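Asks: I have a structure I would like to understand better, so I am pasting it below and will then ask my questions one at a time.
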Amino acid sequence: MTSTALEPVVVDTPSGAVRGRVHADGDVVEFLGLRYARAARFAPPEPEAPWEGVRDAVTPAPQCPQLASRMDAIAGPSDADLLGRSEDCLTATVRAPRDAAPGDGLPVLVWIHGGAYVIGAASLAWYDTARLVREGRVVTVSLGYRLGVLGWLRRDGVSPGNLGMLDLAAALHWIRDHVAAFGGDPDAVTLVGESAGAHAIACLMSVPRYRPLFARVILQSGQLGLGLGTERSAARVAGYVQDALGEIAGSGADPRTVDVPTLLRVQKRAMVRHAGPGGVNSAPAFAPIAGVEPLVGVPADDPWVAAAHSGHPMIIGSTADEANTFIEIAPPLRRLSARLPTLVGLGSRVLTRRVFEAPAQRLATRAAAAGTTVSTYRFSWRAPDSGLGACHAIELPFLFGTRDAWRDAPMLAGASWDDDVEPLGRAMRRRWLEFAGCAPRS
């Protein structure tokens, strides 16, 4: 990489030269908004064509169009509004040690964000990977992919379904071809995902042709107990989308051509209808569908058998009070919790066990029985004043160590960053980095 303290960083990749920047950290360089593929609405991704000259990669990528998130009640304010939104969202953020060079063969961590397949972005400040890069001398790649109706609608003549999964596969192929230019080793790729990101990794593990694209996996709080959608459930959701589109945009409106705000209003109505009275149906309306490319042959009734036999060494686990997050961000459940705390607390423990803990343990047990190296964890740290316990997403500030991004997180209320978050975060990052093949700095 060519740079001085005041100059940008330029890397020659197989597709063309890109200009990044030195991270505020100083020891890390970053390349933002690198397009790994292009896709028309409801079309499969196509590889980005090579280019002449030098492309700028100094601006954070926009989010995939999405509805407003309620996660600020747990994680605090984010910089989402500053990022903007665009359907041109098949982008990656790459960070590397400032002195890394092509051929260094550094381990690679690939981050796949969560958000129930409907919210989130790789470029959020919450997920800044600079600490991991600096402490582990590792190259990181954070991936954006299509969400909600844009990524997961299956409707004949409109969208084949599972486009978000095809996006992630396209990104892994891009990493295979490009990460060496940033100093990474394409044969030492570890996938790390939380929530829907972990669920997506389990799906990728289930597809034999994708398995050579990564070497190890870390699955954090994957909602594996929700399984996969089916052709039947996908058809039902497509019907909800069509009904809502007619109500909002008129008879004959085409989801391929309506504007994004209209499409998001349609998505919201479809999600509410899918959730049913009181929102009791917790299965996501827009998510991977069993039996649909690339998940052909993956059964909906027991979807993780193939993942258990993928052969990838694995870290897998969950937090102690996962479901507390979903109670907090759902107003009806929050009000019920105020009136009947014991009953809601019991329900939270049951959901945590059924959706997160038990399925993760089952996958780990099956993988170990198949001869795979498996480590499991349970994240049980609780902030003293949050009332949220070890809720879903609680481990993320510890993994990324981005103090400014998480300083106002309600789930950390009453905790000291220096005395609580920093020591445990360093230990967690060290374990994750060692697993990925790094030699973390003390």
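Asks: Distance in nm between label sites at D79 and W417, each 7 Å beyond Cα in the beta-carbon direction?
Replies: Roughly 1.4 nm, to one decimal.
Asks: Tell me, which cysteines of the chain are without a disulfide-compatible partner by the Cβ under 4.7 Å rule?
Replies: C203, C391, C438 - these cysteines have no disulfide-compatible partner (Cβ-Cβ under 4.7 Å) in the chain.
Asks: Moving to a separate point now. When DSSP assigns beta bridges and you keep just the ones with both residues in the chain, what percent turn out antiparallel, to the nearest 5? Could you put the intermediate results ahead of the total?
Replies: Details: 22 of 54 bridges.
In the chain, DSSP labels about 40 percent of beta bridges as antiparallel.
Asks: Can you sort S386, S282 so the residue with the fewest Cβ neighbours within 10 Å comes first? Please list the in-between numbers first.
Replies: Values: S386 20, S282 16.
If I rank by nearby Cβ atoms, fewest first, I get S282, S386.
Asks: Would you tally the net charge around A40, using a Cβ to Cβ cut-off of less than 11 Å, leaving A40 out, and scoring K and R as +1, D and E as -1?
Replies: Values: positive: R38, R41, R256; negative: E46, E87, D88.
Value of the local net charge: 0.
Asks: In the Gaussian network model of the chain, springs joining C-alpha atoms below 10 Å, which of D321, D418, D128 carries the largest mean-square fluctuation?
Replies: Among D321, D418, D128, the largest mean-square fluctuation in the Gaussian network model of the chain belongs to D418.
Asks: Kindly provide the trypsin sites (Lys or Arg not before Pro) of the range 392-442 that DSSP labels as loop, not H, G, I, E or B, and whose Cβ sees at most 11 other Cβ atoms within 10 Å. Each step should come with its number before you reach the end.
Replies: Numbers: sites: R403, R407, R426, R429, R430, R431, R441; in loops: R407, R441.
Taking the range 392-442 and a limit of 11 other Cβ atoms within 10 Å, the loop trypsin sites (Lys or Arg not before Pro) found are R441.
Asks: Also, I was wondering about something else. Using amide H atoms built 1.01 Å from N in the peptide plane, name the residues 5+ places from R38, or on other chains, whose amide H lies under 5 Å from its own.
Replies: The answer is E46, E48.
Asks: For M428, M271, which order do you get if you count the other beta carbons within 10 Å of each Cβ and list the fewest first? Show your work: numbers first, answer last.
Replies: On the way: M428 17, M271 22.
By the 10 Å Cβ count, ascending, the order reads M428, M271.
Asks: For the chain, divide the Cα radius of gyration by the Kirkwood radius and give the resulting Rg/Rh value with two decimals.
Replies: Values: Rg = 20.9 Å, Rh = 22.1 Å.
Value, to two decimals: 0.95.
Asks: Check V110: other-chain or 5+ apart residues with amide H under 5 Å from its amide H, H built from backbone geometry?
Replies: Placed amide hydrogens put V141, T190, L191, V192 under 5 Å from V110.
Laboratory data are not the source of any read-out in this text; all were calculated from the coordinates shown. Because the structure is predicted, anything quoted here is derived from the model rather than measured. Backbone-built Cβ (ideal geometry, glycine too); neighbour counts: all protein chains shown.
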